[in-house]
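So the structure is just underneath, and the comments pick up after that.
The values are calculated or read from the model by the stated rules, or taken from the named source; none is laboratory data. Here the structure is a predicted model, which is why all the values come from computation and not from measurement. All Cβ positions, glycine included, derive from the backbone under ideal geometry; neighbour counts span all protein chains shown. With ligands, DNA and RNA removed, areas are computed over all heavy atoms of the protein, side chains included. Shrake-Rupley method; radii C 1.70, N 1.55, O 1.52, S 1.80 Å.
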Amino acid sequence: MYRTKPFVIFIIGVSGVGKSTIGNLLSKKYSITYFDGDDFHSKENVNKMSKGQSLNDEDRYEWLLTLNQLAKEQIKIQNCVIACSALKEKYRDLLSKDIEINVKWVFLEGSFDQILNHLNCREDHYMPVSLLKSQFKILENPVNALKIDIGFTPEEIVETIKKEIFDKSEFGLIGLGVMGKGLSRNIASKVIALSVYNRHVEGLEEDVAVNFKNEFSELSNILPFDKIKAFVISLQTPRKIMLMVNAGKTVDAVIDNLIPHLSKNDTIIDGGNSHYKDTRRRIDYLKNKNINFIGAGISGGEAGALKGPSIMPSGNKGAYKLVKPFLESIAAKDKNNLPCCTYIGKEGSGHFIKMIHNGIEYVEMQLLAEVYFIFKTIGKNPDEIANILDGWKTKTNSYLLEITVDILRKKDKRGWILELILDKAGNKGTGNWATVATAELGVPSTMIASALFARYLSSFKEERIQLNEKFASFKTISKINVDNMIKVYQLARLVNHHQGFKILFEASRSYGWELNLSEIARIWTNGCIIRSSLMEELVNIFKLTDNMMLNKNIIDEIKELKPSINEMVSQCVIEEIPIPCLSEAVNFLNAYTKADSSANIIQAQRDYFGAHTYQQNNDPSGKYYHTNWKKITHD
Ligand code: 6PG
C-alpha cells in the first residue's frame, strides 16, 4: 500500500486539538500502531502538569528523546503514529533525530477559542485549561508539516492524511537526461516515494517519463508525468522538487512554469551546473513568492548520479533543512560513512564551489594529458603508459588517474581507441566561468586558466596542422628523464589544489560566505570527479590552516618534489613539448614562494604614464607617492 520506506507520523499541535482522536482513528483505519506521547512522560512531568505548571525545555528533553527512541525502534518493525505536541522546532529536531527521512509531520491547527472549546468538553485529561495559553505562546509554526484545520471532522482529517501523505510522493524530479535518470534511480533505490516529470515535445520527447519508469524494475513505484500541474499535485507539501535541466534559460523557463502551481514553503533545488550569480538571482526572485530555492552543485557524472554523487547545496539554511534528509540519503558516503553533502553557505556559494571543483577537475585532467604526452613523445605506447600510471595508484591515487589508466588500455580491433580520438578538447563552460570569476576576485587561478586555454588551443586543429608544416619540429634524441615523472605530477597537483582552495578562501572572505574548507574537502573525497587520496589528506590539513602551502608537511613535500619538476619543465621547453599546466605550476611556485618580485617596475610604469602612484618599501604607513618621471632633477 505504501510507496515509501517505514515511516512515523507525528500528529502535533497544542493540547486540545484532537491529536489522540486522529492518531487512534488513523491507526484503526490503516493498521498503523498508535502511541500517545503523553503516556511516556516521567512521573515528575505528570505531577508538574497536574499542578498546572508548564514544562520547561529541560523537563521535555528526556521525554522527547524517549519518543525519538520509540520511533526509531518502531520503524524497524512497522509504521507508527505518535501524538505529541512538539511545539518548538528544537523539540521536533529531537523527535526526528537521525530518522528525519522517515518522519512525517501532521500539524492540527485551530484558533485559541476553537481549542479552548475542545478542552472544556474533555473530562479525563490532566492538562488544565490554563496551560493552553502558555502552549500558544511557545508554539513555533512547523514549516515542514501537513497542516489540517481542526474544523474538519476526524474522518475528514484522516482522509486528508491518507490523500496527502500515503498517496503522494515525497520528492519530485524534473528533467530525465542522463543525470536526471541516474539520480531518479538513486532516489528510488532509497525507497523515497518519487514523482518524475519530463516535458512533452512532439516527435522529440514523447512519454519520456512513462518509458523511463517501464525500463527499470526498481522504478515500479514512481509516478511519471509529462504535465507539470499533475506532477506538482502529486507531491506532498511542502514540496521538494529537484531540477536536472540544462543550465541557463531552461532553468528560468522551468521555474516560471512551476510557479503558478506551487505553494508557500515549497522548495526548488537546482542540481545542474548553473552559474552562481544566476542562483543568487533565482533565490531572490523566488523569495518574493515565498518559495525556497537551493542551488546544489552535483558532481560525479552518470555513475555518481546513480550510485551517489557529491552534493554542494547552498541558499537559505532553513530551506536546506527541508531537503537535507533527501540530499544526504542519495549522496556518496565518505570513509566515515558520512554523506558527501553539506550545507555550503548562503546565496550561490554551492554552485560557486562546484564551478571551482570543475576548475580543479580541468587541471587534474590536463596534468594527466601532459604526462601522457611526454611519455608518448619519448616513444611509449598507451599500454606502457597505463602500466606506469597504474603503479602510481599506491602513492597518489585519484578517480581521474584510474579512469585514465582504463582509457589508455582500451582497445578494439583497430587498436587503441585513444589513438583514434581527434585531439580537439570540448568544454561546457564551467572552466571558463571559473577563470572569469577568479579574475573578478583578483585571485591567480593560473592553472585553471592554463588548462582551459590548453583546451581552447587544441580546438584550433587546422591552424596547428598548417603551422606544423611551417615550423620545423625538434628532432634530436630526447634527454627527458621520466624516472621522476610521478614527483612532477604530484607537485603540480599540490599547486592545483592550493590554487583551487585559495580561490574558495578568498571568495568566502569577499562574499561573506563563511566556507568551511575542510568540510568542502571532505565532501569531495567521494562521489565527485576530483576525489583522490590527496583530497583525503586535505580534510585534516584544512582543519589546521586556510592556506595549505603553510602546512609543514606540504612544505616538506614540495621541497622534495620541486627539483624534479624544475628539471622536467626545463627539458620539455628545450624539446618544445607543450606542457602549459606543468610549467605554470613551476612558475606559480617560483613567484609565490619569493619575497621579491618584478612588480616594482610595473608600479613605476603605471605611475609614469598614468600617475597611478606607488607605495614605498621603507614607508610602513602605506602612503602613496607620485614621481614626475620626465622632469630632470639635479639632486
Ligand atoms: C562533474 C563534472 C560535470 C561536468 C562535465 C562536463 O563534476 O560531474 O564536472 O559536472 O559538467 O564533466 O564538463 P566539461 O564539458 O566542461 O569538461
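Would it be correct to say that Ile554 is touching a residue at least 12 places away in the same chain (Cβ under 8 Å), β-branched (Val, Ile, Thr), under 30 Å from Ile360 (Cα atoms) and touching a Ser or Thr at 6+ places or on another chain (Cβ under 6 Å)?
In short, no.
Among the residues of the range 452-463, is there at least one that is in a loop (DSSP other than H, G, I, E, B) and more than 15 Å from the ligand (Cβ to nearest atom)?
Yes: the range 452-463 contains one or more residues that are in a loop (DSSP other than H, G, I, E, B) and more than 15 Å from the ligand (Cβ to nearest atom).
Look at Lys475 and say whether it is outside any helix (DSSP H, G or I), over 28 Å from Leu491 (Cα atoms), more than 16 Å from the ligand (Cβ to nearest atom) and modelled with pLDDT under 95.
Taking the combined requirement at face value, the residue satisfies it.
Can you tell me which condition Ser314 does not meet? The list is (1) outside any helix (DSSP H, G or I); (2) surrounded by fewer than 24 Cβ atoms within 10 Å (Cβ to Cβ); (3) touching a strand residue (DSSP E or B) at 6+ places or on another chain (Cβ under 8 Å), and all the others hold.
The one condition Ser314 does not meet is (2).
If Phe107 passes every condition in (1) in contact with a Leu (Cβ under 6 Å, 6 or more places away or on another chain); (2) within 22 Å of Asp57 (Cα to Cα); (3) outside any loop (DSSP other than H, G, I, E, B) but one, which one does it miss?
(1)
Counting only residues that are within 12 Å of the ligand (Cβ to nearest atom) and surrounded by 13 or more Cβ atoms within 10 Å (Cβ to Cβ), give me the helices (runs of 4 or more DSSP H) lying completely in the range 344-450 with at least 2 of them.
Here the list reads 349-377, 399-409, 430-441.
Would you point out which residue out of Ile269, Ile241 is within 22 Å of Phe352 (Cβ to Cβ) and touching a residue at least 40 places away in the same chain (Cβ under 8 Å)?
Ile269
Answer yes or no: is there a residue in the range 124-138 that is under 17 Å from Ile11 (Cα atoms), open to solvent by less than 50 Å² (accessible area, probe 1.4 Å) and either outside the structural domain of Ile330 (by TED's automatic domain parsing) or of a type outside the set (S, T, N, Q) (or both).
Yes, the conditions are met somewhere in the range 124-138.
Taking only the range 526-546 into account, find how many residues are away from the ligand (no atom under 14 Å from the Cβ) and either assigned to a loop (DSSP other than H, G, I, E, B) or under 14 Å from the mean Cα position of the chain (by Cα) (or both).
2
Given the options Ala319, Ala303, name the one that is within 12 Å of the ligand (Cβ to nearest atom) and more than 14 Å from the chain's Cα centre (by Cα). I'd like the intermediate steps shown before the answer.
Numbers: Ala319 fails: within 12 Å of the ligand (Cβ to nearest atom).
When all the criteria are applied, what remains is Ala303.
Just to be sure before I move on: is Lys411 over 26 Å from Arg531 (Cα atoms), modelled with pLDDT of 95 or more and over 28 Å from the mean Cα position of the chain (by Cα) in the structure I sent?
So Lys411 passes the test.
Can you name the condition, by its number, that Pro325 falls short on among (1) under 30 Å from Glu218 (Cβ atoms); (2) open to solvent by 50 Å² or more (accessible area, probe 1.4 Å); (3) in contact (Cβ under 8 Å) with a residue 40 or more places away in the chain?
Pro325 satisfies every listed condition except (2).
If a residue must be small (Gly, Ala, Ser), without any contact (Cβ under 8 Å) to a residue 12 or more places away in the chain and part of a helix (DSSP H, G or I), how many such residues does the range 203-238 contain? If you could, list the steps in order and put the result at the bottom.
Pass one, the range 203-238, residues small (Gly, Ala, Ser): 203, 209, 217, 220, 230, 234.
The next check asks that each one be without any contact (Cβ under 8 Å) to a residue 12 or more places away in the chain; those that pass are 203, 217, 220, 230.
Okay, now just the ones that are also part of a helix (DSSP H, G or I), so 217, 230.
Summing the residues that are small (Gly, Ala, Ser), without any contact (Cβ under 8 Å) to a residue 12 or more places away in the chain and part of a helix (DSSP H, G or I) in the range 203-238 gives 2.
In the range 255-273, what residues are in contact with a strand residue (DSSP E or B) (Cβ under 6 Å, 6 or more places away or on another chain) and either closer than 22 Å to Val178 by Cβ or in a loop (DSSP other than H, G, I, E, B) (or both)?
Of everything in the range 255-273, those that are in contact with a strand residue (DSSP E or B) (Cβ under 6 Å, 6 or more places away or on another chain) and either closer than 22 Å to Val178 by Cβ or in a loop (DSSP other than H, G, I, E, B) (or both) turn out to be Ile268, Ile269, Asp270, Gly271.
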